[in-house]
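Novice: Right, I'll just put the structure down here and ask away after.
Every number in this text was worked out from the coordinates using simple rules, so none of it is lab data. In this text the structure is predicted, and so the values were computed from the model without any measurement. All Cβ positions, even for glycine, are placed from backbone atoms using ideal geometry, and neighbour counts span all protein chains on display.
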């Protein structure tokens with residue numbers, strides 16, 4: 001079995017591109033953008049339709065790794081943008097059905113929570129209704145394109161969100177070679193711990209936040225995001241790169 005990337009803090013674990021809350025037995029997954037391959041094909045880029053299979057396999061590996069550690073996953077929360085097209089696309093509906101069919105082998109259907117992202121313009125997808133947010137035991141799960149007032153209520157300790165697709169670009173000293181890595185962002189905003197997840201789909205590399213971050217990128221102001229810690233996703237573990245402001249290229253800011 002593939003060894004999963006893992007970083008642990010007080011109350012959550014990074015597992016590959018997902019996050020797990022052992023006390024609440026909740027696994028949260030960022031933007032899937034199912035159907036992204038259709039968009040690429042329409043643009044003339046022919047790729048085999050392997051992303052849904054790879055995505056499902058990655059999720060199942062994460063669930064199994066949690067079980068092997070003696071813990072339990074009772075719920076899965078998808079943080080929005082589970083589909084890519086803004087309008088309805090039949091192919092995306094079929095991909096979603098495939099995903100749900102496999103996930104339901106491990107998690108009860110009623111415990112699979114799908115949050116509405118800015119790509120979800122329909123009220124439901126294959127009879128699975130979206131919710132605007134999900135709250136449990138001091139955790140607030142939102143998409144992240146706009147603030148949710150319920151997420152900032154007194155009982156909420158941690159906000160978990162997607163939307164931003166954070167990644168960082170690392171360049172060598174001679175500026176010859178650069179590589180992009182998906183990453184998590186962890187920081188504080190309005191007295192809440194905030195965790196921003198990367199996109200889960202392999203094809204969506206993400207936004208290089210140390211190069212192209214603006215105030216329009218997220219409802220959290222850019223100067224606040226600068227104090228967030230960056231955890232880059234490596235092959236076998238995550239790497240703590242410190243605060244984002246230390247990674248910003250001087251020529252950009």
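Novice: Quick check: pseudo-label points 7 Å beyond the Cα along Cα→Cβ at residue 237 and residue 132, how many nm apart are they?
Specialist: Going from the residue 237 label point to the residue 132 one covers 4.3 nm.
Novice: Further, regarding this structure: May I ask you to sort 225, 97 by Cβ crowding, counting other Cβ atoms within 10 Å and putting the fewest first?
Specialist: 97, 225
Novice: For a protection proxy built on the mean count of beta-carbon atoms within 10 angstrom, sort 229-239, 139-149, 213-223 highest first, please.
Specialist: 139-149, 229-239, 213-223
Novice: Still on this structure: Average projected area of the Cα convex hull of the stretch 129-253, in nm²?
Specialist: Result: a mean projected hull area of 8.9 nm².
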